[in-house]
Structures are given as C-alpha cells and as structure tokens.
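Colleague: Quick one: the structure is below, questions incoming.
The values are calculated or read from the model by the stated rules, or taken from the named source; none is laboratory data. None of these values were measured; they are calculated from a predicted model. Here the Cβ positions follow ideal geometry from the backbone for every residue, glycine too, while neighbour counts run over all protein chains shown.
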Amino acid sequence: MAKSSQDISRFGAKSTIAEEDQSSTSIVLGRKALDFPLKVKAPSGDKARVISIVNQKGGVGKTTTTINLGASLAELGRRVLLIDFDSQASMTSGLGINQVAIQEQYGSIWHLLNDLNEDVRGTILKTSVPGMDFIRGHYDLAGADSRFASEIAKELMLRKILAPIINEYDDILIDCSPSLGTLTVNALTASDGVIIPMECEFFAVLGLDLVTKTIEKIVAAINPHLEVYGILATMFDRKTAHSREVLALIDGQFPKLLLDTIIPRTVRFSESTVKGMPITTFASSSAAANSYRRLARELISRGGAN
C-alpha cells in the first residue's frame, strides 16, 4: 500500500476542475457550496477499507459507481480492488471481459465462494487503470440463496475470502446484486461502510427505508462496525424540476446521509461501458468523470476511504 505522508495524486493532470458545470447537493438546494481539496493525503492504516455499493433496486448506478469511484480512488494513489458480486456480471463486462470468459467458473468470485480454501490471489485481474484490480463475477451467483441455504455461518464467506489480502489494498469496493439476499448480507458483513446509489426518480426513494433497515439489522446482529458512508444521488438531470424535487426529498428524509456530490445523467457512461473502460479514462475531462473524482475526494474527506 501507499505509505508516503506527502500529498499525492497519481494522475494530477486529470484531477482538475470540470470543463463543464457540475451540480452538487449544496448548490441545488441553495446552500453554501462545499469544496473538497484536489490533493489528498496518502492512505493511512494497514487494513483495506471495504465498501459495499448497495441498493435492492436495479438500474440505479451501482456498477457505474463501483467502477468509476474505484478508478478515481486509484488516481489519488490508492490501491483498489473491485469485486463483482452480481449475477449479471455487469461490472466484469464493463471492465472489458467478454461473455465467453464470464461463463468460466474458475477464477471468479463464485468459484471462491464454493471453495473457501482457494487462494484468492489467483483470481485477481488487472484493469487498464494503474493501481486498480478486480475479481470477476459469474452468472451462477444468481443461485447463491439456494446453494448456500444450509451452510453454517454463510454470511461470513466473503469476509473469509478477503482476509488474506485485506492488508494488500487501501480500498475494496463490492458491486452488490440488486437484492438483499445471501450475497448482499455477505458483502455487508465483510464491509466497513456502505454507499447507496439512488436514482433521482420518485419511486427509487421508496426503497431507501428497506435498504437502511437491512443495514441496521446487520449492524445489530453481525457487524456492529458497519457504517453508511452516504446516499449518492445518480442520474441527476439539472434541467428537470423532478430531479431537484427528489434530491430535496432525500435530503429531508436522510439529511446526514446525502452526499454532496451528484452524478449527472449522461450517455457517456453507456459509451464507456461499451469500450470496457472507466469514464475517467474514456471521457477524462467530462463533468461525469470529474463528478466521480469529486466523490472520491468527498469520501476521503468524510473518512469513508483510506
């Protein structure tokens, strides 16, 4: 892990102010604008910070957030590991792995779940982003609830898998499935914190209570140190009153949890997925890329990342 106490940024030229205007919660809600330093201190601690990206609703930006937050943290000098914990394996595809390779069980997180004695290091792949690795997903993760129904301490499987490498990374991000079943419980049990991406649509707000209550149950029964690092507003369209109204609604219900950084709605995310690369590489100077860079700095400022 990076140990220097000096301020660092691996790609300082990319960590610049956006060329396009960016929205933020404070600006949209008419408050004093917040600023997060472009330079951040080197990671601290010998143990990786494990963060689950969770929402039981699909299509809210979990995979997009996992990939691009990870890339942004790596730009800031962090050693990052991404884990595709979703049976759709969208993160794996978004990092350039083809469909034929995804169908191979060996080397996937599914393989590790079925053989807890397997060396996790043998499944770790490099991404195109220096400092960012990943463990690919597999379609058979869809059967996790039935496969592990009778397993003893099944909620601890992912924690056991990560134990040998927990000191080798600064941040580990888990792209969770759109459910609150066995896989998500495993992710939350292994995590230090949670980010909840929330599409700026009214119906998406309705499921927030369910997510937060599930997290509260995990805290009470299994992982007392688990924290919610924040709710991330995604797919925000500053031209519509509806997006602003939804943002105000989230702020009213969860005032201490809503992150200041907002992720805009843009076709560039889809384009970057097709290319198999993060938005920070595909469209480096775009507002979308800089929003995720700002999120990384906000997360570090709030103590949610090493």
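Colleague: Please give the number of the condition LEU162 fails out of (1) modelled with pLDDT of 95 or more; (2) part of a loop (DSSP other than H, G, I, E, B); (3) within 18 Å of the chain's Cα centre (by Cα).
Modeller: (2)
Colleague: Here is a follow-up. List the number of the failed condition for ARG294; all other conditions in (1) of a type in the set (D, E, K, R); (2) more than 18 Å from the chain's Cα centre (by Cα); (3) in a helix (DSSP H, G or I) hold.
Modeller: Unmet for ARG294, out of (1) of a type in the set (D, E, K, R); (2) more than 18 Å from the chain's Cα centre (by Cα); (3) in a helix (DSSP H, G or I): (2).
Colleague: Run down THR234, THR261, THR266 and say which single residue is polar (S, T, N, Q) and free of Cβ contacts under 8 Å to residues at least 24 places away in the same chain.
Modeller: After ruling out the rest, the residue left standing is THR266.
Colleague: Also, I was wondering about something else. Residues that are aliphatic (A, V, I, L, M) and under 11 Å from THR25 (Cβ atoms): find the helices (runs of 4 or more DSSP H) completely inside the range 231-290 holding 2 or more of those.
Modeller: In the range 231-290, the matching helices (runs of 4 or more DSSP H) lie at 241-253.
Colleague: With respect to VAL129, determine if the residue is closer than 22 Å to ALA288 by Cα and within 14 Å of the chain's Cα centre (by Cα).
Modeller: no
Colleague: Which condition does ILE27 not pass, out of (1) outside any loop (DSSP other than H, G, I, E, B); (2) more than 17 Å from LEU295 (Cβ to Cβ); (3) not polar (S, T, N, Q), if it passes all the others?
Modeller: Of everything listed in (1) outside any loop (DSSP other than H, G, I, E, B); (2) more than 17 Å from LEU295 (Cβ to Cβ); (3) not polar (S, T, N, Q), ILE27 misses just condition (2).
Colleague: Okay, moving on. Within the range 41-56, track down each residue that is modelled with pLDDT of 85 or more and either surrounded by 21 or more Cβ atoms within 10 Å (Cβ to Cβ) or on the phi > 0 side of the Ramachandran plot (or both).
Modeller: Within the range 41-56, ALA48, ARG49, VAL50, ILE51, SER52, ILE53, VAL54, ASN55 meet the criteria.
Colleague: Quick one: would you say THR184 is within 30 Å of ILE27 (Cα to Cα) and touching a Cys at 6+ places or on another chain (Cβ under 9 Å)?
Modeller: no
Colleague: Same structure, new question: Does at least one position in the range 92-108 carry a residue that is part of a strand (DSSP E or B), out of contact with any His (no Cβ under 7 Å at 6 or more places or on another chain) and within 22 Å of ASN186 (Cα to Cα)?
Modeller: Taking every residue of the range 92-108 in turn, none turns out to be part of a strand (DSSP E or B), out of contact with any His (no Cβ under 7 Å at 6 or more places or on another chain) and within 22 Å of ASN186 (Cα to Cα).
Colleague: If PHE202 meets every condition in (1) of a type in the set (A, V, I, L, M, F, W, C); (2) in contact with a strand residue (DSSP E or B) (Cβ under 9 Å, 6 or more places away or on another chain); (3) more than 21 Å from ASP260 (Cβ to Cβ) apart from one, which number is that one?
Modeller: (2)
Colleague: Let me ask another. Using beta carbons and a limit of 9 Å, which pairs, at least six apart or on different chains, have the first residue in the range 20-39 and among the acidic types (Asp, Glu) and the second one part of a helix (DSSP H, G or I)?
Modeller: GLU20/ALA287; GLU20/ALA288; GLU20/ASN290; ASP21/ALA287
Colleague: Looking at this structure, is VAL80 touching a Pro at 6+ places or on another chain (Cβ under 7 Å) and either buried (at least 22 other Cβ atoms within 10 Å of the Cβ) or hydrophobic (A, V, I, L, M, F, W, C) (or both)?
Modeller: For VAL80, the condition - touching a Pro at 6+ places or on another chain (Cβ under 7 Å) and either buried (at least 22 other Cβ atoms within 10 Å of the Cβ) or hydrophobic (A, V, I, L, M, F, W, C) (or both) - is not met.
Colleague: Quick one: is PHE148 of a type in the set (Phe, Trp, Tyr), over 14 Å from SER191 (Cα atoms) and out of contact with any Gly (no Cβ under 9 Å at 6 or more places or on another chain)?
Modeller: It is true that PHE148 is of a type in the set (Phe, Trp, Tyr), over 14 Å from SER191 (Cα atoms) and out of contact with any Gly (no Cβ under 9 Å at 6 or more places or on another chain).
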